[in-house]
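Reading through the structure tokens given below for one structure.
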Amino acid sequence: MKLDRQNDNKHQSFSLSNWRTYPHNRIAFSNVRNILPVSIIKKGEKPKNVQSKLEDLSSLKFTNKYKEEIKITDFLQKSFSDSFLIIKKGKKIFEWHNDLNLKNNQHILFSVSKSLTSLMAGILINKSLIKPNKKITFYIPEVGESAYKNSTIRNLLDMTVSSNFKEDYLDKTGLFKLYREATGFNPHTSKNRVGLKGFLKLIPKSEINHGEKYQYCSPNTDLLGWIIERVTETKFSNLFANEIYQKCKPNADAYVTLDHEDSPRTAGGICMTSNDLTKVAEMVRCKGSLEGKQIISEDVMANLIDYENKYPWPNKEVGRLFPKGGYRSKWYQSGLDNKEICAIGIHGQWIWIDPINEVSIVMLSSRKQPLSISNEKNFSLLCLEICKQTGS
């Protein structure tokens, strides 16, 4: 397959060993299927372009966390953004892409994948194929000796499973290293090639009871993908395509990465074009409907948007972003007046939804570091300013 490397003179070649590091990631994040095995999420037969009513917002300024005024385009350039789109009441009003000519490529969403996987789980919960209060081992008894013993689907959705897994993206040793290899995101170096399912059986429990504390743990969503496939006896890619993606009338296929045993990386492996991601974002903003057609039950969507979370984020990192925020069904709740909700992925992937001002914002990026609190805070300030200036 021909690789999309129009500016290869600027960016070194990418491989499984370096694809998540700068500068390789600038091209690699939009060419993941040339690095990892994937399963196609088919677009269907009725693609439709998002209606446009473009406005010149290139000179729009916002005040960043350092009290500096900065133009939107300068922020996007400096933060290694790849695509940035604003949808207002269903119409695209602003679109920006970097100069690498990759805007039509499927870009990896990283943990935005979790939020999309949660939508699929919500549909199955609504159909009573998954019951939130059931123990995880009711569906996947294979993890009965791991941290997931006695935890529930609700714990899984809200990241309140108690475990000794530490989410440290810069850790190159121990359990997190094994997880990277199990997902297929890193080359296997261990003698025993453990896949995602095998890894999930190894996660140790902590002494804290399930449901008592928010603990971000990506493997939880990989396990949710396993549950989804088991209860439906259907590949995640096919199910997501049929139940959600095709109904949003995308213009291109999406895909999800697979481990070496063909298990989908539902925690961070979904790849989609920025334009097609805005359609999914708009469907969420409109409480499960798009162009007057209900795709996901409004009750399921209300559970995400309106829920008063009793587990505020205890960790310092997230608390600085949304001090009054919460986390419910793999969506971040801002705790702000307009009840904004977000999907967030490492290296700068975002969906921002303001239900009051009827605005959806999508940003896909290839930042140097997985996490940057200052960039995340500045992006939220930018979104607030955009919604204020373009609001009703």
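Figures for the structure shown
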{"read-out": "Pairs with Cβ under 7 Å, 6+ apart, first in region 327-346 and free of Cβ contacts under 8 Å to residues at least 60 places away in the same chain, second of a type in the set (Lys, Arg)", "value": "335/324"}
{"read-out": "Filtered residues of region 104-151 (kept if hydroxyl-bearing (Ser, Thr, Tyr) and either farther than 30 Å from residue 31 by Cβ or touching a Cys at 6+ places or on another chain (Cβ under 6 Å) (or both))", "value": "128, 137, 139, 146, 148, 151"}
{"read-out": "When residues of region 131-147 are limited to those that are within 17 Å of residue 198 (Cβ to Cβ) and out of contact with any helix residue (DSSP H, G or I) (no Cβ under 8 Å at 6 or more places or on another chain), the one surrounded by the fewest Cβ atoms within 10 Å (Cβ to Cβ)", "value": "141"}
{"read-out": "Some residue of region 137-159 being without any contact (Cβ under 8 Å) to a residue 40 or more places away in the chain and acidic (Asp, Glu)", "value": "no"}
{"read-out": "Matching entry among 116, 102 (being under 19 Å from the mean Cα position of the chain (by Cα) and of a type in the set (A, V, I, L, M, F, W, C))", "value": "116"}
{"read-out": "Hits in region 37-73 - residues which are out of contact with any strand residue (DSSP E or B) (no Cβ under 7 Å at 6 or more places or on another chain) and farther than 16 Å from residue 379 by Cα", "value": "42, 43, 44, 45, 46, 47, 48, 49, 56"}
{"read-out": "Filter result (surrounded by fewer than 16 Cβ atoms within 10 Å (Cβ to Cβ), in a loop (DSSP other than H, G, I, E, B) and not small (Gly, Ala, Ser)) within region 121-130", "value": "127, 129"}
{"read-out": "Checking residue 77 against (1) part of a helix (DSSP H, G or I); (2) within 20 Å of the chain's Cα centre (by Cα); (3) more than 30 Å from residue 328 (Cα to Cα), the condition it does not meet", "value": "(2)"}
{"read-out": "Residue that is surrounded by the most Cβ atoms within 10 Å (Cβ to Cβ) [pool: residues in region 224-237 that are in contact with a Ser or Thr (Cβ under 9 Å, 6 or more places away or on another chain), outside any loop (DSSP other than H, G, I, E, B) and in contact (Cβ under 8 Å) with a residue 60 or more places away in the chain]", "value": "224"}
{"read-out": "Scope region 36-72; condition under 19 Å from residue 275 (Cβ atoms), not in a loop (DSSP other than H, G, I, E, B) and not hydrophobic (A, V, I, L, M, F, W, C); matching residues", "value": "52"}
{"read-out": "Hits in region 178-213 - residues which are at pLDDT 95 or above, among the basic types (Lys, Arg) and part of a loop (DSSP other than H, G, I, E, B)", "value": "201"}
{"read-out": "Qualifying position, being over 29 Å from residue 18 (Cα atoms), part of a loop (DSSP other than H, G, I, E, B) and hydrophobic (A, V, I, L, M, F, W, C), among 361, 356", "value": "356"}
{"read-out": "Leading residue by the ranking (surrounded by the most Cβ atoms within 10 Å (Cβ to Cβ)) among those in region 148-169 that are in contact with a Leu (Cβ under 9 Å, 6 or more places away or on another chain) and closer than 30 Å to residue 17 by Cα", "value": "165"}
{"read-out": "Any pair with Cβ under 7 angstrom, 6 or more apart, that starts in region 291-308 at a residue that is at positive phi and ends at one that is modelled with pLDDT under 80", "value": "none"}
{"read-out": "Where a residue in region 198-209 is farther than 13 Å from residue 141 by Cα and its partner, wherever it lies, is assigned to a loop (DSSP other than H, G, I, E, B) and β-branched (Val, Ile, Thr), with Cβ under 9 Å and at least six apart", "value": "202/194; 203/161; 205/161"}
{"read-out": "Search result, residues across region 20-34 that are over 18 Å from the mean Cα position of the chain (by Cα) and surrounded by fewer than 21 Cβ atoms within 10 Å (Cβ to Cβ)", "value": "21, 22, 23, 24, 34"}
{"read-out": "Within region 246-348, helices (runs of 4 or more DSSP H) holding 3 or more residues that are at pLDDT below 95", "value": "298-305, 316-321"}
{"read-out": "Residue that is farthest from residue 90 (Cα to Cα), among those in region 258-280 that are buried (at least 24 other Cβ atoms within 10 Å of the Cβ) and hydrophobic (A, V, I, L, M, F, W, C)", "value": "267"}
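The values are calculated or read from the model by the stated rules, or taken from the named source; none is laboratory data. The model shown is predicted, which means the values in this text are computed figures rather than measured ones. Here the Cβ is made from the backbone with ideal geometry for all residues, glycine too, and neighbour counts use every protein chain on show.
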